[in-house]
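Coordinate-derived values only; no laboratory data. Remember, predicted model here, so these are calculated numbers, not experimental data. All Cβ positions, even for glycine, are placed from backbone atoms using ideal geometry, and neighbour counts span all protein chains on display.
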Amino acid sequence: MNNIVSPSLLSCDFTNIENELNAFKDQKDLWLHLDIMDGHFVPNMTFGNPIIKQISEKTSIPLDAHFMVTNPEFYADSLSGIPLENFTFHLEATNNPLELIKKIKAHFKSAGVSIKPNTPFSAIPDDVKNEMNLLLIMSVEPGFGGQNFIESTFDKIKEADQYRKNNNLNFQIQIDGGVGENNATALREAGADNLVAGSFVFKGGPENYNANIKKLR
């Protein structure tokens, strides 16, 4: 399985978005991570469908959309014409995650399930684990960038990786929050194969983005 790095566009310069996106055009095994927040499921608010559509028209890099919203079903329908690589919703935001996964797979390549730091891996029903393409383990409380990594995340990664191996599954394990060069290697060794990083990747301006990604790899 490829080790993917997913720069979080929440940390980029949206007033110069086209140049920001072009900085990554030669990277392989890279997704662009979109943090969609509604001000309800999490206290912060970011961007919605029009911006997602515009970003999709400005780049051919795979788009990884993380919906921190109370109504992920609405977005699965309303964005069905946008070529998202992956659509991740929060387990805590829906009463019927299996049906939502089926809806997502009807429109997009990959369906992801995210859990907050206080939600155990065991809270995900087995039938959902068997159908999801990606597990997003939040290593900070969702809603704001720049938080410190929660160390107990490592135990959750190892548990998910062991479940994946025991059941011959191939869902990706993605980590989001406080990811940087100091913990990237340890995260991969624990079982993570998709690292989301915002402030670390986007520090120093576009001329440094590729070097920052190289440090994560």
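Assorted remarks:
- Where labels lie 7 Å past Cα in the beta-carbon direction, separation of Ala106 and Asn130 in nm: 2.1 nm
- Backbone HN-Hα couplings from phi across the range 31-40 [Karplus 6.51/-1.76/1.60, Hz, Gly and Pro as x]: 10, 9, 8, 10, 9, 9, 10, 10, x, 10
- Environment charge at Asn212 (Cβ cut-off 12 Å; Lys +1, Arg +1, Asp -1, Glu -1): +2
- The range 1-88: C-alpha gyration tensor shape, a/c 1.5 cut-off, then a/b vs b/c: prolate
- Anisotropy class assigned to the range 4-216 is oblate, per the alpha carbon gyration tensor with a/c at or over the 1.5 cut-off and a/b no larger than b/c.
- Charge sum, other residues only, whose C-beta stays under 15 Å from Val69's C-beta, Lys/Arg counted +1 and Asp/Glu -1: -3
- Kyte-Doolittle mean at least 0.5, axial Cα span of 30 Å or more - DSSP H helices of the chain: none
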